[in-house]
Amino acid sequence: MPHTRKAPTHPMNSPRNFLGLIGLCEVGQNPSPEIRDTLLGRIVSAIQFRDEQILFHSRRVAIVAVGISQRLGWAPEESQQLEIAALLHDFGKVGIPDHILQKPGRLSPDERDLLRVSHDVAEILLQASRFPETVLEIFHDSASPGGVSAGLLGRHLGARILAVADAFDSLTHHQAHRRALSREQAMHHLQNIDGAKFDRNVVAALHRWLASEDSLILEDNKEIEEAIRNSGIVSQEMMEQASSLCHLFSQLSMLENLYDGYYMVDAQRRITIWSCGAERVFGLKRIEVLGKTWSQQITNYSAKGLESSVFDMAISSGQPYMMSVQIKTARNSVESDVYAIPIFDSQGIYRGACEIIQQPNSSHRGSEKFQELQLAATRDPLTGLANRAELEVRMKKVTEAAEEPGGTPFSAIFLDVDHFKAINDENSHQVGDQVLVDVAHLIEDELYSGEIVARYGGEEFVVICPETLLNDAVQRADRLRRAVQAASPGGLKVTASFGVAQLE
């Protein structure tokens, strides 16, 4: 198999852009703190060059997110990774035109889809830069089509913190479509008007942080912003870095828009990039394949006359190569076109390859409506909690985690509102519904963000407490019992019965 040849040319300099991505991956593999800081600084510089207001917003969101995490008892290293994710959460806006960013009204579905694509592209660049997996998870889950989903159940807790911090900063600063709110007005909005969109424990932690002296750091940040604003001149290095990232943004945006998925390998056949589309196509998550040597077991495709991979065929010929294959996953077998592009540097030395997958008649990007329906399928429409189906999914996951070697048992709390039929009969079903909503909110307020609250059905609720022993769960159940008894759900005096169990 040849490894050198005359450097190829390609329309729109695709090989050059791919080579830039390979180079970014190589630099990203360096664990040196200085290199890590340089990569972070490069992205921050690109954000500042695009629009310093995006950078200022991201800095404030990072400050607020860290403050919330501290109130939730996060360890310093966890808060640091959250801070990085928050600082970079709007990196995708580098690839969005001004007329969309500054639109004085709601974005259209197509515009929101463009934001999603740009967010995915930014995630690929962070993946190439080898940011920690926790940062990537938070960044991935922070995508919120329509401004809603990042705060909801099932997302990484860091993303739920980020959603609250992002919304708070947006509400308290002037936007193209509305004036800034005061902190008090913003908190009212988060707690009541948009309360169902966000983790109530996270919102409560924000309220506690704002009431503390620690929040004064936001005032100090204003001086830093002013200093950055007055520095004026953008360095030549910053412009070159921004230009380089914009070229990569353009190339990757095209791949995201036109194809179902793609991945890249380096000269040693190690997988260096694994797109969200590749996760869907091959049924494997990024964390399962990134850094591993390519094998037929990973991509699991076959075609008549194909002995290895399509990118091997491309490398052998020194030219892009395309073949129709059958991709087999745990669910099905799908006919797909695989298009491989070999990557050579200016000296003609082979540096890696990119494989692009296109599946005929497929919709490679889920519509916003589909995502909304998918989200609705996991939520109880009355209380906004997880529904029974989602509870079963989450129960299976925590059970599997607990049964792994070294896993910690979990507990579950079962809650049943007493005499609920009488409440409906004597006060109306509307009052009964309000009792259920208030009890649901009360449970959320009293428990920790890592715990899963679901409506099992009717007046029955279940709380999953990961890594919690029976005695601790009993204490939480008793705290919940007293909280329900002391409150007035639906304006009534209500009690509830509890049961607690632990997985042995």
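Structure summary
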item	result
Among residues of the range 406-425, those that are among the basic types (K, R) and either touching a Cys at 6+ places or on another chain (Cβ under 6 Å) or in contact (Cβ under 8 Å) with a residue 24 or more places away in the chain (or both), counted	0
Selection from the range 466-484 of residues that are modelled with pLDDT under 90 and buried (at least 20 other Cβ atoms within 10 Å of the Cβ)	T468
Hey, H188 under 28 Å from E451 (Cα atoms), surrounded by fewer than 16 Cβ atoms within 10 Å (Cβ to Cβ) and without any contact (Cβ under 8 Å) to a residue 40 or more places away in the chain or not	yes
Filtered residue count, the range 70-99, keeping only those that are under 11 Å from I138 (Cα atoms) and charged (D, E, K, R)	1
Qualifying position, being under 22 Å from V61 (Cβ atoms) and either modelled with pLDDT of 75 or more or loosely packed, with under 15 Cβ neighbours inside 10 Å (or both), among I233, I273, I287, I217	I217
E467 being closer than 18 Å to E392 by Cα and not small (G, A, S)	yes
Some residue of the range 50-59 being surrounded by 18 or more Cβ atoms within 10 Å (Cβ to Cβ), among the aromatic types (F, W, Y), in a loop (DSSP other than H, G, I, E, B) and under 22 Å from the mean Cα position of the chain (by Cα)	no
Scan of the range 167-189 for residues that are within 15 Å of H207 (Cβ to Cβ), polar (S, T, N, Q) and in a helix (DSSP H, G or I), ordered by number	Q185
Single residue of the range 290-333 satisfying the filter (touching a Lys or Arg at 6+ places or on another chain (Cβ under 8 Å) and either among the aliphatic types (A, V, I, L, M) or part of a strand (DSSP E or B) (or both)) that is surrounded by the most Cβ atoms within 10 Å (Cβ to Cβ)	Y301
Flag for D337 being surrounded by fewer than 20 Cβ atoms within 10 Å (Cβ to Cβ), in a strand (DSSP E or B), out of contact with any helix residue (DSSP H, G or I) (no Cβ under 9 Å at 6 or more places or on another chain) and not assigned by TED's automatic domain parsing to the domain that holds F131	yes
Odd one out for S333, checked against (1) farther than 16 Å from T299 by Cα; (2) free of Cβ contacts under 8 Å to residues at least 12 places away in the same chain	(1)
Total residues in the range 315-349, condition under 34 Å from the mean Cα position of the chain (by Cα) and either more than 20 Å from Q251 (Cα to Cα) or β-branched (V, I, T) (or both)	17
Among (1) of a type in the set (A, V, I, L, M); (2) in a helix (DSSP H, G or I); (3) without any contact (Cβ under 8 Å) to a residue 12 or more places away in the chain - the single one L107 does not satisfy	(2)
Yes/no for A62 being out of contact with any strand residue (DSSP E or B) (no Cβ under 6 Å at 6 or more places or on another chain), within 30 Å of L447 (Cα to Cα) and part of a helix (DSSP H, G or I)	yes
Matching option when the condition is within 26 Å of G23 (Cα to Cα) and either touching an Asp or Glu at 6+ places or on another chain (Cβ under 6 Å) or hydrophobic (A, V, I, L, M, F, W, C) (or both), among L107, L72, L88	L88
Y350 being farther than 19 Å from R280 by Cα, of a type in the set (F, W, Y) and assigned by TED's automatic domain parsing to the domain that holds V265	yes
Number of the exception - I63 against (1) within 20 Å of the chain's Cα centre (by Cα); (2) surrounded by fewer than 17 Cβ atoms within 10 Å (Cβ to Cβ); (3) over 20 Å from E123 (Cα atoms)	(2)
The range 481-504, residues that are touching a residue at least 40 places away in the same chain (Cβ under 8 Å) and under 14 Å from E446 (Cα atoms)	A483, V484, A487
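Yes/no matrix, rows are residues, columns are (1) within 23 Å of I224 (Cα to Cα); (2) surrounded by fewer than 21 Cβ atoms within 10 Å (Cβ to Cβ); (3) modelled with pLDDT of 85 or more:
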site	(1), (2), (3)
I68	yes, no, yes
L87	yes, no, yes
F91	yes, no, yes
P97	no, yes, no
E123	no, no, yes
L126	no, no, yes
V135	no, no, yes
I138	no, no, yes
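The values are calculated or read from the model by the stated rules, or taken from the named source; none is laboratory data. Keep in mind the model is a prediction, meaning the values are calculated, not measured. Ideal geometry is used to build each Cβ from the backbone, glycine not excepted, and the neighbour counts take in all protein chains shown.
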